[in-house]
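A short reminder: the numbers here are calculations on the coordinates, not readings from a lab. Only a predicted model underlies this, so the values are computations on that prediction, with no experimental measurement involved. Every residue, glycine among them, receives a Cβ derived from its backbone with ideal geometry; neighbour counts consider all protein chains shown.
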Amino acid sequence: MTVSPNRPSAGDKVTIQPKLDNGYEIDKITVTDRNDKPVTVTKNQDGIYSFTQPNGTVKVEVSYKPTETTPVETTWNNPFTDVSEGAWCYDAVRYVSANGLMNGYGNGCFGPENNLSRAQFAQILYNKEDRPGVNYLLQFEDVSNDA
């Protein structure tokens, strides 16, 4: 989600723009003040929510739920020879493949029984966030500088 402005003063109108993934909708948006008292949140017609900043800090929480009419992708050309249509992982593999989160090993295999490395998990999270630009150097003791 995006909250604007970042550092509002008491009385400022603050907007919340949730980021929705395909097949999900807002379940609930709650804003509480520094004393854990609820702050009134209004849903605007453009899908952006707003509230008036109270004195002090606030906590903003957004929860999501699957849409009741989640579109089911009817055509998926399964590129993986190791994932058959009755396999325990078929629906999950279909989802991550169709949504660009994972694309297997490139040799027609997905590897549903393989262990997931930290690098693979990081790539999945990066894909999930629509591949944002990274403008800084991350250093880890167990990762060589040319990795």
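Please compute the Kirkwood hydrodynamic radius of the stretch 72-147 from all pairs of different C-alpha atoms, in Å with one decimal.
Values: mean 1/r = 0.0699 Å⁻¹.
Mean inverse Cα-Cα distance, inverted, gives 14.3 Å.
Loop-only check: which trypsin sites (Lys or Arg not before Pro) in the stretch 1-72 are DSSP coil with at most 15 other Cβ within 10 angstrom?
Values: sites: 13, 19, 28, 34, 43, 59; in loops: 19, 34.
Of the trypsin sites (Lys or Arg not before Pro), the ones in loops of the stretch 1-72 whose Cβ has at most 15 other Cβ atoms within 10 Å are 19, 34.
Residue 59: which lysines have alpha carbons under 24 Å from its alpha carbon, excluding same-chain residues fewer than 8 sequence positions away?
13, 19, 28, 37, 43
Considering Cα pairs under 8 angstrom that are at least six residues apart, work out the relative contact order of the chain and quote it in whole percent.
Numbers: 174 pairs, mean separation 25.2, N = 147.
It comes to 17 percent, rounded to a whole number.
Pull out the extension gain between residue 87 and residue 103, defined as 0.36 nm times the separation in residues minus the alpha carbon to alpha carbon distance; nm, one decimal. Can you show the working numbers first?
Values: separation 16, 0.36 × 16 = 5.76 nm, distance 1.73 nm.
Answer, rounded to one decimal: 4.0 nm.
Which semi-axes, in whole Å and largest first, does the equivalent ellipsoid of the chain have when worked out from the alpha carbon gyration tensor as the square roots of 5 times its eigenvalues?
Working from the Cα gyration tensor, I get semi-axes of 38, 23, 12 Å.
Tell me, what are the semi-axes, in whole angstrom and largest first, of the equivalent ellipsoid of the stretch 27-69 as set by the roots of 5 times the Cα gyration tensor eigenvalues? Intermediate results must be reported in sequence, preceding the final value.
Numbers: eigenvalues 103, 33, 8 Å².
The answer is 23, 13, 6 Å, longest axis first.
Apply the Karplus curve 6.51 cos²θ - 1.76 cosθ + 1.60, θ = phi - 60°, to the phi angles in the stretch 9-15 and return the couplings in whole Hz, x for Gly and Pro.
9, 4, x, 6, 7, 10, 10
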